[in-house]
Amino acid sequence: MWEQSRFIATGSIGVAEMHAQDAAATGSSGLSETAVMMWFYAVAVTMTDGHKCADESAQDTHLERLRGAAFEPVLQLVRTMAEDRLAEMRALAIRLETVLAEDRTDDTMCRTGTPQPEIKPDAVWRPRVAETRAMLPRHLLALAAVMRPRPVAAPEPPTSAKARTAREPGRIDSVRKH
């Protein structure tokens with residue numbers, strides 16, 4: 001409950017990450033969607049607010065962390081969740097990212113080992129946020145797509161000429177007539 005109330009109050013990416021990990025660790029199917037939505041939120045915030053990081057590699061480093069071993073329980077949920085539910089969790093995460101953006105002061109995505117990361121002035125990084133936010137649906141969809149197993153089509157068994165003729169009546173007859 002603390003994580004939920006702190007998340008709503010602050011929009012903190014750090015709290016979202018903790019909540020995603022904790023919710024996934026419970027193993028409760030009721031919390032799995034929450035874990036996935038919070039993870040997508042953390043990814044979305046990293047993509048939008050990551051523009052403020054003076055260290056150009058910080059944003060990518062944080063995204064790698066979100067796809068790493070620490071988040072494996074959440075990633076497993078992303079891999080197995082039904083596509084329609086996954087789409088709803090992405091959409092909810094994007095809405096939350098947009099709504100909570102105004103009050104968010106988090107610099108978690110910029111931390112690369114230093115206690116206080118260097119942040120660009122608002123006038124430099126904020127103009128890029130709108131463009132990134134508009135692309136979030138495509139970015140989050142692509143991220144989920146590369147994480148999920150792809151179904152492999154079963155190869156068609158070889159067919160004999162007799163079987164092909166049965167499927168295509170009149171084909172051999174029309175060839176013989178000419």
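Just a few scattered comments:
- Test: residue in the range 159-178 that is modelled with pLDDT of 60 or more and open to solvent by 100 Å² or more (accessible area, probe 1.4 Å): no
- Any chance residue 131 is more than 29 Å from residue 52 (Cβ to Cβ), modelled with pLDDT of 75 or more and open to solvent by 40 Å² or more (accessible area, probe 1.4 Å): no
- The range 111-135 residues that are touching a residue at least 12 places away in the same chain (Cβ under 8 Å) and under 16 Å from residue 101 (Cβ atoms), paired with ones that are polar (S, T, N, Q) and surrounded by 15 or more Cβ atoms within 10 Å (Cβ to Cβ) (beta carbon under 6 Å, 6 or more apart): 129/48; 132/48; 133/48
- Positions within the range 9-47 being polar (S, T, N, Q) and modelled with pLDDT of 80 or more, in sequence order: 12, 21, 32, 34, 46
- First in the range 55-77 and under 18 Å from residue 14 (Cβ atoms), second anywhere and open to solvent by 90 Å² or more (accessible area, probe 1.4 Å) and part of a helix (DSSP H, G or I), Cβ under 8 Å, 6 or more apart: 71/65
- Hey, residue 80 under 21 Å from residue 67 (Cβ atoms) and at pLDDT below 95 or not: yes
- Taking the range 99-124 as the range and being of a type outside the set (Gly, Ala, Ser), farther than 18 Å from residue 63 by Cα and surrounded by 14 or more Cβ atoms within 10 Å (Cβ to Cβ) as the test, the residues that pass are 100, 104, 120.
- Residue identified as hydrophobic (A, V, I, L, M, F, W, C) and touching a Pro at 6+ places or on another chain (Cβ under 7 Å) among 16, 42, 24: 24
- Residue within the range 102-113 that is under 16 Å from residue 20 (Cβ atoms), assigned to a loop (DSSP other than H, G, I, E, B) and hydrophobic (A, V, I, L, M, F, W, C) present: no
- From the list 70, 23, 9, the one residue that fits, being over 19 Å from residue 142 (Cα atoms) and crowded, with 22+ Cβ neighbours inside 10 Å, is 23.
- Residue within the range 31-46 that is out of contact with any His (no Cβ under 8 Å at 6 or more places or on another chain), open to solvent by 10 Å² or more (accessible area, probe 1.4 Å) and closer than 16 Å to residue 99 by Cβ present: yes
The values are calculated or read from the model by the stated rules, or taken from the named source; none is laboratory data. Note that the coordinates shown come from a computational prediction; the quantities given were computed from them, not determined experimentally. Positions of Cβ are generated from backbone atoms using ideal geometry, with glycine treated the same way; all protein chains shown enter the neighbour counts. Remember, those area values only see protein heavy atoms, side chains included, never the ligands or the DNA or RNA. Shrake-Rupley method; radii C 1.70, N 1.55, O 1.52, S 1.80 Å.
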